[in-house]
């Protein structure tokens, strides 16, 4: 494992789906409040050093007509009716005016959004990823980031999935091929 070095001026924290409706679901191997707390630490530290913060949320039109509807053996839990504040980023994260709020309509944060444009205009080369769910939104975003040529730091202890097995599969088998898997403390130390 190589030593982690980050240049805040070319680094963005990309936070996946830490919104009221998703954070309200059960996750493993960590509870959502742990993911929120660790992500807030990372956002505050990177922002203080001049880094870019991207808050990604999944949302749809009130009638749901813009949602994906694949014929699948396991239907999406996102297809159910949602309260009005379902897609709002949780207040504890302290979104700031200089941060970028991005709305997606599918698992990954690149397709159909301005994420790549916003990152390139700012000279971002490295993405630090956190969020829920490791094996869905975070993994889809990481795969796309890899294809777009970004360096990545995947913060294992600031992610969770619906099951510990799903989380472990992505962390152990997929993410080491896409970037560097590190902890919150590793990233904070690299920003200190």
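What follows is calculated from the coordinates using simple rules that are stated; it is not laboratory data. Here the structure is a predicted model, which means the values were calculated and not measured. Don't worry about glycine lacking a Cβ; one is built from the backbone with ideal geometry, like all the others, and counts go over all protein chains shown.
Seen through its C-alpha gyration tensor, with square-root eigenvalues sorted a ≥ b ≥ c, segment 106-186 comes out prolate because a/c lies at 1.5 or above while a/b is bigger than b/c.
Simple spin-label estimate for residue 98 and residue 41 gives 2.3 nm between the two label positions (7 Å along the Cα-to-Cβ direction from each Cα).
Cβ-to-Cβ counts within 10 Å put 86, 107 in ascending order as 86, 107, the fewest first.
Annotation: extensible slack from residue 33 through residue 164 equals 45.6 nm (criterion: 0.36 nm per residue apart, minus Cα-Cα distance). Compared with the alpha-carbon gap, the fully stretched path from residue 10 to residue 148 is longer by 48.2 nm at 0.36 nm per residue.
For segment 101-152, the Cα gyration tensor yields ellipsoid semi-axes of 17, 13, 9 Å (square root of five times each eigenvalue, largest first, whole Å).
Per-residue ellipticity at 222 nm computed for the chain from its helices equals -7500 deg cm²/dmol, with DSSP H segments shorter than 4 residues left out and the rest contributing -39,500 (n - 2.57). Taking the C-alpha atoms only, the angle from helix 32-48 to the longest principal axis of the chain is near 40 degrees. With Cα atoms defining each centre, segment 149-192 and segment 94-129 are spaced 18 Å apart in the structure.
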